[in-house]
Amino acid sequence: MVTDAWRPQVNGVVRTYERLAVELPGLGVEADFITPQRYRTVPMPTYPEIRLALATPWSIAAAIKQSAPDFIHIATEGPLGLLARRWCLANGMPFTTSYHTRFPEYLAARLPVPISWGHGFERWFHNAAIGTMVATPSLAAELAAMGIERTLAWTRGVDTDLFRPRGERLFGQAGPIFLYVGRVAVEKNVEAFLGLDLPGRKVVIGDGPARAALEAGYPHALFTGPLFGEDLARHMASADVFVFPSKTDTFGIVQLEAMASGLPVAAFPVTGPRDLVVHGVTGVLGEDLQAAALAALRLDPERAREHALGFGWQACARMFIDNILSANAAVGHAPVRASRGSWATKKPGSGEPGLEGL
């Protein structure tokens, strides 16, 4: 697996692949990751929290050959993903990709680059793959309209043991707490949340390039900075409503984490929230985010928790492997267990193994 998104970044893409690294060995799968940690990096222009790997075609080729993989999955369209794609095409190696981030929209928010140019790049990048994994049906429909072919459904999971109701009020007892967790960046539309006229207190957990300006502009909101693990889960469970103002996320794992913590979600009716939130039950979707947040405050937290319990990371990992197997088998590239316990490649038409083959 090749990903430009990796620690110390904190986002849904990193969490997804970290959990795959945990879950896949239990399915009998050995996963090797090519990440920026292997290379010297430089800060991404306009977004220094993201580090770009200074890899070369030769270093990527050496890393892939050392792994001797049966399958290759390219998670991101960054420098590592581009070099891995180049290697696969040059060597006739099938590969899958996944669509995690709306790079065209993110780029257009920072630079005078038409979104249509970004869409053209995404078509070029992903249509070379034998399958592109997407998190929701609405996103799959968007990508199909964009011209991206061969999409594969791949949902996400949530750690419901970590993220759970806790009965704590770390932000104090007075008034309802409206919470945002995630990157504090222009594409996340955090200012739409901070500008709402809401009772109680607004809290922002996270960091990013827009944090300093938003802290100065909204002095009555609490900015905690980034929190992790148990600390994050305790603070999340101390709020009353999770407000998700983004209109550009492709999924939004943090919504599941909030619901698992007993927080109804208020969000715009866009891809991500539309696929995860049961309107009027686990959250409220609406173009009027203030009205949605106030309405979410009246919902039953237990219903939000019950909904999140249906999303498990093991099921996410199994779906990922099923996609890998089916996409590769469709082009005649499927594994068989060799006598030494290693993997070989079946010839076209030799059939597709089940998950138990892994």
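The values are calculated or read from the model by the stated rules, or taken from the named source; none is laboratory data. Everything quoted here is computed from the prediction, not taken from an experiment. With ideal geometry, Cβ positions are generated from the backbone for all residues, glycine too; neighbour counts draw on all protein chains shown. The area values use the complete protein model at the heavy-atom level, side chains included, leaving out ligands, DNA and RNA. Shrake-Rupley method; radii C 1.70, N 1.55, O 1.52, S 1.80 Å.
Highlighted here are the strands (runs of 3 or more DSSP E) found entirely within the range 247-337 that include at least 2 residues which are touching a Ser or Thr at 6+ places or on another chain (Cβ under 9 Å): 265-267, 335-337. Here Thr16, Thr35, Thr41, Thr3 are screened, and the one residue that is in contact (Cβ under 8 Å) with a residue 12 or more places away in the chain, surrounded by 14 or more Cβ atoms within 10 Å (Cβ to Cβ) and touching a Cys at 6+ places or on another chain (Cβ under 8 Å) is Thr16. Any chance the range 158-178 includes a residue that's farther than 28 Å from Ala317 by Cβ, in contact with a Leu (Cβ under 7 Å, 6 or more places away or on another chain), touching a residue at least 40 places away in the same chain (Cβ under 8 Å) and of a type in the set (Ser, Thr, Tyr)? No, the conditions are met nowhere in the range 158-178. Scanning the range 241-297 for residues that are free of Cβ contacts under 8 Å to residues at least 40 places away in the same chain, of a type in the set (Val, Ile, Thr), more than 23 Å from Arg166 (Cα to Cα) and open to solvent by less than 10 Å² (accessible area, probe 1.4 Å) yields a total of 0.
For the range 87-106, check the following and say yes or no: at least one residue is open to solvent by 40 Å² or more (accessible area, probe 1.4 Å) and closer than 21 Å to Ala140 by Cα.
Yes; the residues of the range 87-106 include at least one that is open to solvent by 40 Å² or more (accessible area, probe 1.4 Å) and closer than 21 Å to Ala140 by Cα.
The set of residues in the range 159-207 being in a helix (DSSP H, G or I) and either open to solvent by 70 Å² or more (accessible area, probe 1.4 Å) or of a type in the set (S, T, N, Q) (or both) consists of Val186, Glu191. Find the residue count for the range 1-58, including only residues that are under 17 Å from His73 (Cβ atoms), acidic (Asp, Glu) and outside any loop (DSSP other than H, G, I, E, B). Total satisfying the criteria: 2. Go through the range 143-158 and give me each residue that's closer than 22 Å to Asn11 by Cα and open to solvent by 60 Å² or more (accessible area, probe 1.4 Å). Across the range 143-158, the qualifying residue is only Ala153.
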